[in-house]
Amino acid sequence: QVQLVESGGGVVQAGESLTLSCTGTYKNLTLITMGWYRQRPRKDREFVALISSKGTTDYKNSLKGRFTVSRDPAKNAVRLQMRNLIQEDSAIYYCKNIYTGEWGQGTQVTVST
């Protein structure tokens, strides 16, 4: 049974921003270390960002400053804010429960030029 669901994907123009959300059926997602990954066409799935149960964050070096991972306790969700998007950001974005290894099914982000 899939417990994590990503939302917020879509088609945007280069330079615009987009925010993704990951929700689940867990009691309190705030207590779980969560990660974001993406898979670009014909590329391996790669690490994007994570936020720990203590609130510390980590990012793929080339994305630091443009992408921000955060939590929304009121909605029991983890978010990925993406700014100044470029065409190479186009990918399927996945959230992952780092503790259990569970993946969501992904949401498509397409950045047009």
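The values are calculated or read from the model by the stated rules, or taken from the named source; none is laboratory data. Please read all numbers here as calculations on a predicted model, not as lab measurements. Using ideal geometry, Cβ is built from the backbone for each residue, glycine included, and neighbour counts are taken over all protein chains shown. Ligands, DNA and RNA are stripped out before the accessible areas are found, and what is left, the full protein with its side chains, is counted by its heavy atoms. Shrake-Rupley method; radii C 1.70, N 1.55, O 1.52, S 1.80 Å.
Please give the direction-averaged projected area of the C-alpha convex hull for the chain, in square nanometres with one decimal.
Numbers: hull surface 27.3 nm².
Result: 6.8 nm².
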Check: If you take the C-alpha gyration tensor of the range 20-82, multiply each eigenvalue by 5 and take the square root, what semi-axes do you get, largest first, in whole Å?
Finding: 21, 13, 10
Next item on the list: Work out the charge dipole of the chain with +1 on the Cβ of Lys and Arg and -1 on the Cβ of Asp and Glu about the Cα centre, then indicate which of TRP103, ASN61, GLY10 is farthest towards its positive end.
Entry: ASN61
Notebook entry, point to check: Excluding ligands, DNA and RNA, what is the solvent-accessible area per residue of the chain at a probe of 1.4 Å, expressed in Å²?
Noted result: 56
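So if we plug the beta-carbon distance of GLN81 and THR25 into 1/(1 + (r/R0)^6) with R0 = 22 Å, what FRET efficiency do we get, rounded to 0.05? Write out the running numbers ahead of the final one.
Values: r = 24 Å, r/R0 = 1.07.
For R0 = 22 Å, the calculated efficiency reads 0.40.
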Next item on the list: Filter the GluC sites (Glu not before Pro) in the range 1-66 down to the DSSP loop ones having no more than 13 other Cβ atoms within 10 Å, then list what survives.
Entry: GLU16
Item checked: 20 Å Cα cut-off, lysine pairs counted over the chain (separation 8 or more, or different chains) -> 11
